[in-house]
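Take a look at the structure set out below.
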Amino acid sequence: MSTTTSYKPREFNLNGLNGISDETLEMHFKLYEGYVKETNNLTEKITKFIEDGNVDQEEMPAYSELTRRLGFEYNGMVLHEYYFENLKSGGGIGDPERTAKFVKAAESSFGSYEVWKADFVGIGKMRGVGWAICNQNPANGRLSNHWITLHETGNIAGFDPILVMDVWEHAYLLDYKPAERPKYIEAFFSNIDWVAVEKRLQQKSTRSAGA
Ligand SMILES: [Fe+2]
């Protein structure tokens, strides 16, 4: 009997973003749903392999392949949820207020918000398929920016994603040419939900303070 619980796709209302069309989002939600579905499918298949309490030698190649793919699908699901969650329906305010906790954290980790942003945007422009992520180290509150190849290579274990930007071409191809990724990044920044970002930071600082 299967003991796994299926994931259900979360719903996001993100109509009316600046520079990222509703058509793009509709397509993007469908892709996200595909990751949720595949995460469930793979988990179910892997569960079948192990339900007799053993992975037989002849099962090992198939079991290994499914397990490797699980990292891709699982991160594809989770990172899209972070991404949609840090966008604001109707568009945002651009850069955060100077008094925002995020700005303070960027200043103590990078010297200034501007330097943090140059790094994050620079990572977003890197060639290849993946994500730019600003993480916080829960041990000391420090922010660091990272490039993630596909969905799973480059994630830092135990760090908390604070701001997540999808730079796969599907995130902007209906609105921009492949070479216009900088325009998409600009649009992304104008739509950031800084309240959601602050909440992520806050949860982390509370946790660190209690640690
Ligand atoms: Fe995506």
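The values are calculated or read from the model by the stated rules, or taken from the named source; none is laboratory data. On a predicted model such as this, the values are computed, not experimentally measured, just so you know. Methodologically, a virtual Cβ is constructed for each residue, glycine included, from the backbone with ideal geometry; neighbour enumeration extends over all protein chains shown. For the accessible areas, the whole protein counts, side chains as well, though only heavy atoms, and no ligand, DNA or RNA atoms are used. Shrake-Rupley method; radii C 1.70, N 1.55, O 1.52, S 1.80 Å.
Structure above, values below:
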quantity	calculated
In degrees, nearest ten, helix 181-190 long axis to first principal axis of the chain (Cα)	70
Check: the range 91-159 dipole with +1 on Lys, Arg Cβ and -1 on Asp, Glu Cβ, in debye	20
Sequence of SER190, SER89, SER108 when ordered by accessible area, the most exposed leading, probe 1.4 angstrom	SER108, SER89, SER190
Dipole in debye (nearest 20) - the chain, about Cα centre, beta carbon charges: Lys, Arg +1; Asp, Glu -1	760
Estimated FRET transfer efficiency (LYS30, ALA118; beta-carbon r; R0 41 Å; 0.05)	0.75
Cα centre as origin, Lys/Arg/Asp/Glu Cβ charges: the range 95-211 dipole, Debye	280
P(r), alpha carbons of the range 30-82 - 10 Å bins starting at zero, rounded %	26, 46, 22, 6
Amide H contacts under 5 Å for GLY130, placed H, 5+ residues apart	LEU150, VAL167, TRP168
Cα centroid of the range 145-167 to Cα centroid of the range 8-77, whole Å	17
0 to 90° range, to nearest 10: angle between helix 22-50 axis and the chain longest Cα axis	30
Of all accessible heavy-atom area on the range 6-95, the percent that carbon and sulfur account for (1.4 Å)	50
Exposed-site-free run, longest, the chain (rule: GluC sites (Glu not before Pro); DSSP loop; at most 15 other C-beta within 10 Å)	98-211
Distant-in-sequence amide H partners of LEU17 (H built 1.01 Å from N, under 5 Å)	GLY90
Accessible area in square angstrom per residue, the range 123-206, 1.4 angstrom probe	44
Value of Rg/Rh across the chain [Cα atoms, Kirkwood radius]	1.01
Farthest positive-ward along the chain dipole, Cα basis, beta-carbon charges - from PHE120, LEU173, PHE49	PHE120
Candidates VAL36, VAL167, VAL78, ranked by Gaussian network fluctuation over the chain, Cα under 10 Å, top entry	VAL78
Equivalent ellipsoid semi-axes, the range 22-128, via Cα gyration tensor eigenvalues times 5, rooted, Å	39, 18, 12
At R0 = 35 Å, FRET efficiency that the Cβ-Cβ distance of THR149 and THR99 yields, to 0.05	0.50
